[in-house]
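Here the structure is laid out as structure tokens; the discussion comes afterwards.
A short reminder: the numbers here are calculations on the coordinates, not readings from a lab. Fair warning: this is a prediction, and the values are worked out from it, not measured in the lab. No Cβ is skipped: glycine too gets one built from the backbone with ideal geometry, and neighbour counts run over all protein chains shown.
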Amino acid sequence: MSAGAIVLIVFVATADARDPSTTAMINAARVALGPGATVTMREVPRTPTDDEATEIGHAQHADAVAEILWDDAQHLHARVRFHVEGAVRWIDRELGFVQADAPAERGRTVGFALASMLPERARVDEPAQPPPATPTARVTTIAPPDPPEPTFEGPRAI
């Protein structure tokens, strides 16, 4: 994981590269990852193998790589494969949409999903701030007054 700005490479099929959902996805990921983040779309004729994708990511000093696979021409079902540099495994997510969802909304959803898959430490641009100081509470205990001393008035007549 790099110490500077985030670098994410997203592999997209050539047929999907100019789709409005793809443009919205890349823009949403950039916004979600914050200023200075680099989100690069890499148009590919076929989905790269895991090794190919991670090698490209490593060569480009990317913090993560992702593959976006649409299972249908209408883009109603997306599969996202995501790998963080240095991690052992890939993360797989599936996102479903309905016909009424606009293509740009589908893309934004995928873009936000991509950003959410990065570990928290990678998404923080600023150093962690210490928690605000807790004011010290001052406790004062007030003791009840002592009971009056019993007095003896002498014998009483019954």
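Classify the range 77-121 from the C-alpha gyration tensor, please: rounded if a/c falls under 1.5, else prolate or oblate depending on whether a/b exceeds b/c. Here the range 77-121 falls in the prolate category. With a cut-off of 14 Å between beta carbons, the residues surrounding residue 47 carry a summed charge of -4, where Lys and Arg count +1 and Asp and Glu -1. Given +1 at the Cβ of Lys and Arg, -1 at the Cβ of Asp and Glu and no other charges, the dipole of the range 30-80 around its Cα centre is 260 debye to the nearest 20.
For the range 1-127, the direction-averaged projected area of the alpha-carbon convex hull comes to 7.2 nm². The calculated P(r) of the range 42-101, using every Cα pair and 10 Å bins from 0, goes 21, 47, 25, 7 in percent.
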